[in-house]
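Quick one: the structure is below, questions incoming.
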Amino acid sequence: MSSSIARKLAHVPRLASSRRMHIKSTSSMPTLAPHLSPVPRRTFVSTHPRRSQIPSRLEHAISVLYSQPTQKDIAEAGIEADLVPDAKIYITESAAEHLKRLATDNSHHEGGLRVAVESGGCHGYQYKMEFTAHRQPDDYHFMHRDIVPSNVYVDAISLSLLKGSTLDFATELIGSSFRVLDNPQAKGSGCGCGVSWEANI
């Protein structure tokens, strides 16, 4: 594991309860901090070279970078990270529809899925996902272009290890879940457990 990234990940707060979405809550959602300026919206369409080897729903994953932090936001969050160039996360229709349903059913229109990377597991890194009520100052905010609300929040450090990956939601015999697919920052197929992976650095 790269020592510099390991040090940065050590400063990423664990997914604390203060960031969690309480599904039963009826309180109003916090608004974004006034110094968080939306960026010009950029649309990303996922294109996969080996279409015959992937589920068809991943071929048309579309997302928009809705807003991003400034370097000041990152510094005030107390972490060591740079702004991520060409920041993008693809969101499948399946993932977006599920996010929209959860947000709408619980009247949390700014609530969404927090996707983070933490050190751990047999290959060095692992994904952590949970619902959050709102964006944090150091978060990048993505949404599906056509399905809203479908909020995905990624902190500045985690995005450097998630950039270009696809967020999907799948239903299988063992259950339904969100999952990160086609991460260009990951080396190989990862651990057999399907949770841990090695960074391609």
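Values quoted throughout were computed directly from the atomic coordinates according to the rules given, and no laboratory measurement underlies them. Only a predicted model underlies this, so the values are computations on that prediction, with no experimental measurement involved. No Cβ is skipped: glycine too gets one built from the backbone with ideal geometry, and neighbour counts run over all protein chains shown.
Using 10 Å bins from zero, what percent of all Cα-Cα pairs in region 62-201 falls into each bin?
The distribution over region 62-201 is 12, 42, 36, 9, 0, given as percents.
Same structure again: Where Lys and Arg each count +1 and Asp and Glu each count -1, what net charge lies around Lys163 among other residues with Cβ under 11 Å from its Cβ?
0
Which of Val64, Val154, Val115 comes first, and how do the rest follow, when ranked by fewest Cβ neighbours within 10 Å?
Least crowded to most crowded, the residues run Val64, Val115, Val154.
How do the peptides 100-108, 143-151 rank, highest first, by the average count of neighbouring beta carbon atoms within 10 Å per residue? Don't skip to the answer; put the middle values down first.
Working: 100-108: 16.1, 143-151: 19.9.
Result, highest mean first: 143-151, 100-108.
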